[in-house]
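The numbers here are math on the coordinates, done by the rules we state, and not lab data. Only a predicted model underlies this, so the values are computations on that prediction, with no experimental measurement involved. Note that each Cβ is placed from the backbone with ideal geometry, even for glycine, and that neighbours are counted across all protein chains shown.
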Amino acid sequence: MREVRCDVLVVGAGPAGLAAAAAAAEGGQSVIVLDENPHLGGQIWRPQAAEANQPSRSVSPRAAAAPPSAHAHRRAHAWHQRAQKRGVIFETGMTLFDAPRTDHLLAVDAAGQASAFSAQQVILATGAAERFLPFPGWTLPGVMGVGGLQAMVKGGMAVRGKRILLAGTGPLLLAVAAFLLDHGAHVVGIAEQASRAAVRRFGTSLWRHPNKLVQAARLFTRLRAVPLLHDAWPTQAEGFGRVEQVRVAAGDRCQEFDVDLLACAFGLVPRTELARLMGCATQSHIDGEIVAVDRWQRTTVATVWCAGEPTGIGGVDLAVAEGLVAGYAASGAFKRAGRAARRRDRARAFAERLDRAYALRPALRALPTDATVVCRCEDVTWQAIRAQPTIRQAKLQTRCGMGPCQGRICGPALAFLTRATPAAPGTATQTTTRPTAATTSSHAAGPSTGWTGDRVRPPLVPVAVNVLIGAGQAPLANHQPSPAPSRHQEISL
Amino acid sequence: MENRLQLTIDGRTVWVAPGTTVAAAWVDLHAPAIRRSVAGQPRGPLCGMGICYECRATVDGHPHTRTCQTPCRDGMTITTDR
Ligand SMILES: Cc1cc2nc3c(=O)[nH]c(=O)nc-3n(C[C@H](O)[C@H](O)[C@H](O)COP(=O)(O)OP(=O)(O)OC[C@H]3O[C@@H](n4cnc5c(N)ncnc54)[C@H](O)[C@@H]3O)c2cc1C
Ligand code: FES
C-alpha cells in the first residue's frame, strides 16, 4: 500500500477545505488535500460538465456536438491557485474511509487502491449532506435532492423542457430553481415549508448583509414567474416507475402538479462521521449533531481541526472563514487566525438568522404513513421502525440503517421524526464555538432513542475486503453487533 | 470524434460530452431508474453526491460503483440491474 506523509492533511476540497489548505501552506506547512469527488470545489463551486449537456440519444457523435468547458468555478480556481503556489498537493477521487489513529488515515481511490496518510495535524472539512424526509412516493425514480438534482445537472444531465417542482426549505430552493431555469427547465413551482411571515422576517434582516440582499433581489427577479408557495410541502408523489404527479399541501389547501422531476430536501445536515470516528466530541444543535470546536476551530482532539458545515450549517462565506481560521491556527499563525475569526463571527450571525427562519415545522413529522419506506437501502417501512423501542433495536431487528449508505439518508430523517420536542430555534447556536458540558463523545454513546448518538464504525464507506486486509484493518464483522441477515449481499464488506 | 466520449450502456452505444458523469448519461438515455431495491422497487439517483448509493451500477466490471461520482471515460461499459 502507498504511504504518504505531510504536516497537515485536509479532508474535503470544498470552500472550507480549500481555504484551510491555502492558509496552512502559507503558515509554512506541507499540505495534502483529499476529496472523494473527482473535482475540486465542494458542493457549491464544483465545475459544470461541458455546456449543452445533452448526451446524444443517437449513435451518431455528430448529433450532439458541444464545446467541452469543464472549467472550475472562478473562486475554486483562485483558491486552488493560491494553495498550489505554496506547494499544496491535491488528490481527488480519494475517499477517506478509516482513521485507525488520529495521525494515520486510510483512503481508497476509484480503482479500489488504498493509500495511508500520516499527518501531524488533520483538518476535517467534510461539508454537509441534504436532509431527506420520507413521504409516500419519495422513493420513486425522478425524486431527487435539491442540491442533488443540481449536482446531476452539473454532471451533464439535461433538464431542458422538463417540468420540475422544487420542495423543502431554505434559500437553496431558490438558488437551484434559478439554476434550473438557466438550464432551460420548466420550474412548475416551489413549495417552501416555512411560513411566509418567517421568510419575510428573514428577508428584512438582510439589510445587515448588503451582498446577500443583492443576491436575494436578483434571485426573486429571476424567479418572478414561478409560483412560490409557503407553508407547503409534498404529501404524495405518484407515477408508474417514476414520478409523474405530486400532491402538495399548502396551508389548508391541496394542489397537484404534473412533473417530470421532483427536487425535494429539507435543509442540510453536517457530515460528522469522520470527526466522530476520530473521537472528536459533538454537540446537539438545531442543524443536528455538530462537531464541537473552540475559537480556533480545534476539536476536542488536540491535533484535529474542523471547518465548514460539520461545525454547523452556515453557507459558503462562513465555510471559507472557518477554513482560514483552522488552516492558520493549525500552522501556529494565530495572529492571522484571529483576523479570520472576526470575519467568521460576522458570517455566523447570518447563519443563525437563517436557522431560525427555516427551522423545520413539527407538522412534517406526520409525512410518512405506515407503509412509507424510511430506510431505502433495506426497504424498511415506518411501521416496522416505529414498532421498535429504540433506534438501536430497529437497526438490529429490521436492518434499518445497515445498508450501503450506513444510515446517512434515514439517520437524519429518523433523528427528526423521533425527536420528542423540536430544538428551540437559536438556543444551541450561542454555544457552538465552545464545547460545553452538554457535549457528548461518540464513544460514550450507548443505546439511545436518538439516531445521532450512535457510534460510527469503520469503514465509512463500503470497501472491498482485500483493501481492508491490505490496509491492515480487520474486516467490519469484528466491530459490528450482529444484525438480522441482509436480504442482499450486494456489497462485500 | 474528439471531444466526445463513447460509452456502452446496457449494450447501447452513447456519446457524451467530457465531464459527464455516468449517472447523468444514464438518466438522459433512459428513465431515471437505475436499479432495483431489495424489495424490487425501481430506484434512481437521489443525493447526486455519493452518499445514498441509489445510483450504483457495474462500471467496467467494478460492481456497486456510485455512478454519480464516476466521470465517463472513452470506451467505458456500464451495466445496470434495473
Ligand atoms: C448537494 C448540495 C448542493 C448545494 N448547493 C449550493 C448552492 O447552489 N448554493 C449555495 O450557496 N450553497 C449550496 N450548498 C451549501 C454549500 O454546501 C455550502 O454553503 C458550502 O459549500 C460549504 O462548504 P464546505 O467546504 O463546508 O463543504 P462542501 O462544499 O460540502 O465540501 C466538502 C467536501 O468534502 C468531501 N468529503 C466529504 N467526506 C469525505 C471523505 N470521507 N473523504 C474524502 N472527501 C470527503 C466532499 O466530497 C466535498 O467535496 C449545497 C449543499 C449541498 C449538500
Ligand atoms: S445519487 Fe446518491 S450516491 Fe449517487
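Worth pointing out:
- A cut-off of 5 Å between modelled amide H atoms, ignoring neighbours fewer than 5 places along the same chain, links residue A:167 with A:191, A:263, A:264, A:265.
- With the cut-off at under 15 Å, measuring from each backbone N in segment B:41-75 to a point 7 Å along the Cα-to-Cβ line of residue A:466 picks out B:61-63.
- Rounded FRET efficiency, nearest 0.05, which uses the C-beta distance separating residue B:39 from residue A:101 and R0 of 51 Å: 0.80
- Cβ neighbours within 10 Å from other chains - mean over A:110-117: 1
- For residue A:120 and residue A:74, the FRET efficiency from 1/(1 + (r/R0)^6), where r spans their Cβ atoms and R0 equals 35 Å, is about 0.60.
- Residue-averaged beta-carbon neighbours from other chains (10 angstrom radius) around B:60-71: 4
- The length gained on full extension between residue A:160 and residue A:369, counted as 0.36 nm times the residue separation minus their Cα-Cα distance, comes to 71.9 nm.
- Modelled this way, with points 7 Å down the Cα-to-C-beta line, the labels at residue A:224 and residue B:60 are 5.0 nm from one another.
- Mean partner shielding of peptide A:145-151, defined as the number of other chain Cβ atoms within 10 Å of each residue Cβ, is 5.
- Coupling constants for segment A:377-391 follow from the phi torsions by the Karplus curve (6.51 cos²θ - 1.76 cosθ + 1.60, θ = phi - 60°), and in residue order they are 5, 10, 6, 9, 7, 4, 4, 5, 6, 5, 6, 8, x, 9, 5 Hz; glycine and proline get x.
- Each residue of segment A:209-214 was assigned a 3J(HN,Hα) from its phi angle through the Karplus curve 6.51 cos²θ - 1.76 cosθ + 1.60 (θ = phi - 60°); the sequence is 10, x, 5, 5, 4, 4 Hz, with glycine and proline shown as x.
- Percent of beta bridges antiparallel (DSSP, chain B, rounded to nearest 5): 75
- Cα-based shape type of the protein assembly as shown, given that a ≥ b ≥ c are square roots of the gyration tensor eigenvalues and the cut on a/c is 1.5: rounded
- Start at zero, step by 10 Å, and the Cα-Cα distances of segment B:5-79 spread as 21, 58, 19, 1 percent across the bins.
- Ranked by the mean number of other Cβ atoms within 10 Å of their residues, highest first, the peptides B:35-42, A:113-120, A:248-255 come out as A:113-120, B:35-42, A:248-255.
- Packing here is the average count of other Cβ atoms within 10 Å per residue, and on that basis the peptides A:86-93, A:240-247, highest first, run A:240-247, A:86-93.
- Applying the Karplus relation 6.51 cos²θ - 1.76 cosθ + 1.60 with θ = phi - 60° to segment A:73-90 yields 3J(HN,Hα) values of 4, 3, 6, 4, 4, 4, 5, 4, 4, 4, 6, 5, 4, 9, x, 5, 9, 10 Hz, where x marks Gly and Pro.
- Placed amide H near residue A:130: partners under 5 Å, 5+ positions off or other chain: A:269
- Taken about its Cα centre, the protein assembly as shown carries a charge dipole of roughly 1360 debye when the Cβ of each Lys and Arg holds +1 and the Cβ of each Asp and Glu holds -1.
- Length added when fully stretched, residue A:208-residue A:393, from 0.36 nm per residue minus Cα-Cα: 61.8 nm
- Residues whose amide H lies under 5 Å from that of residue B:9, counting only those 5 or more places away or on a different chain, are B:14, B:78; hydrogens are built 1.01 Å from N in the peptide plane.
- In terms of packing, defined here as the mean over residues of other Cβ atoms within 10 angstrom, the peptides A:140-150, A:196-206 line up highest first as A:140-150, A:196-206.
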